[in-house]
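Down below is the structure, laid out as structure tokens.
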Amino acid sequence: MEPARKYSLPELPFAYTALAPYISEEQLKLHHLKHHQGYVTGANAVLEKLDKARKDSTDLDLKAMLKELSFHIGGFRLHDRFWENLAPAGKGGGGVPQGDLAKAIDDEFGNFERFKKEFTQTATSVEGSGWAVVTYCEKTKRPLIQQVEKHNVNIIPGFAILLVIDVWEHAYYLDYKNDRAKFVESFWNIVNWDRVSRRFDELKK
């Protein structure tokens, strides 16, 4: 069986109603079916142009095209991880990390509350559209918090993504209007720490 040569929209690991009241069904459907699908469609359109140009030996504006491709792939990848690190409150979502991830957070930030404060400040202070991301540097063995703007800016190659929050307005505007801080506060109730911890454990092997 040949590997897929196009992107496709992944199914969510929970029902559209499962994250309420922190993310409503209407907000979640819009985010997943319209915005995430938009990056799937955009990435596939660029790949089709590249395939056609290579087949026809046509020259392309590669600078513009590859920038557009990285934007859509970045959006696809970050949304993929965003859905994975969410779970319904009280059913896998919320609480605090455990195990090696909890120890790594304590070693780096002093305690979970300090980590939560820094991540929250990172998310609320993103200029315009973007993300707050927890990555892991395998060289220094440190979990790091980063801001990612416009998907394809400031993603350091080789840094594994452990946890993300989408703070583009399309992620929260129906539920929270322009109150990004309230959305970020609600986010902590639906973080799937078990999934994030398993991802961290896999990296350390």
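The values are calculated or read from the model by the stated rules, or taken from the named source; none is laboratory data. Just so it is clear, the model here is predicted, and its values are computed rather than measured. With ideal geometry, Cβ positions are generated from the backbone for all residues, glycine too; neighbour counts draw on all protein chains shown. All accessible areas refer to the heavy atoms of the entire protein, side chains included, with ligands and DNA or RNA removed. Shrake-Rupley method; radii C 1.70, N 1.55, O 1.52, S 1.80 Å.
The table below gives the values:
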{"quantity": "Global geometry of the range 38-87, whether rounded, prolate or oblate, following the gyration tensor of its Cα atoms and the 1.5 cut on a/c", "calculated": "prolate"}
{"quantity": "Normalised contact order of the range 30-80, rounded percent, pairs of Cα under 8 Å and 6 or more residues apart", "calculated": "56"}
{"quantity": "Geometric extent, Cα atoms of the range 1-116 - Rg, Dmax (angstrom)", "calculated": "19.3, 58"}
{"quantity": "Mean-position separation - Cα centroids, the range 66-134 and the range 1-58, in angstrom", "calculated": "21"}
{"quantity": "The chain: proportion of alpha-carbon pairs further apart than 22 angstrom, %", "calculated": "52"}
{"quantity": "Pairs from Lys150/Lys204; Lys63/Lys116; Lys103/Lys177; Lys116/Lys139 whose Cα-Cα separation, in the structure shown, is over 32 Å", "calculated": "Lys63/Lys116; Lys103/Lys177"}
{"quantity": "Listed residues Thr41, Thr120, Thr135 arranged by accessible area, highest first, probe 1.4 Å", "calculated": "Thr41, Thr120, Thr135"}
{"quantity": "Highest to lowest packing among 125-134, 73-82, scored as the average C-beta count within 10 Å", "calculated": "73-82, 125-134"}
{"quantity": "Accessible surface of the chain, 1.4 Å probe, proportion on carbon and sulfur as whole %", "calculated": "50"}
{"quantity": "log₁₀ of I(q)/I(0) at q = 0.20 Å⁻¹ - the range 48-117, Debye sum with one point per alpha carbon", "calculated": "-0.93"}
{"quantity": "Cross-link reach list, aspartates and glutamates versus Lys29, counting only Cα pairs under 17 Å and skipping chain neighbours closer than eight places", "calculated": "Glu11, Asp80, Glu84, Asp166, Glu169, Asp175"}
{"quantity": "Dipole in debye (nearest 20) - the chain, about Cα centre, beta carbon charges: Lys, Arg +1; Asp, Glu -1", "calculated": "320"}
{"quantity": "Label-point separation, Asp106 to Asp179 (7 Å along Cα→Cβ), nm", "calculated": "3.5"}
{"quantity": "Residues of type aspartates and glutamates that Lys6 reaches as a straight line, Cα spacing below 14 Å, ignoring anything fewer than 8 places off in the same chain", "calculated": "Glu48, Asp51"}
{"quantity": "Most positive-pole-ward Cα, Val134, Tyr173, Ile105, against dipole of the range 68-205 from beta carbon charges", "calculated": "Ile105"}
{"quantity": "Accessible surface of Tyr176 - all protein chains present, 1.4 Å probe, nearest 10 Å²", "calculated": "30"}
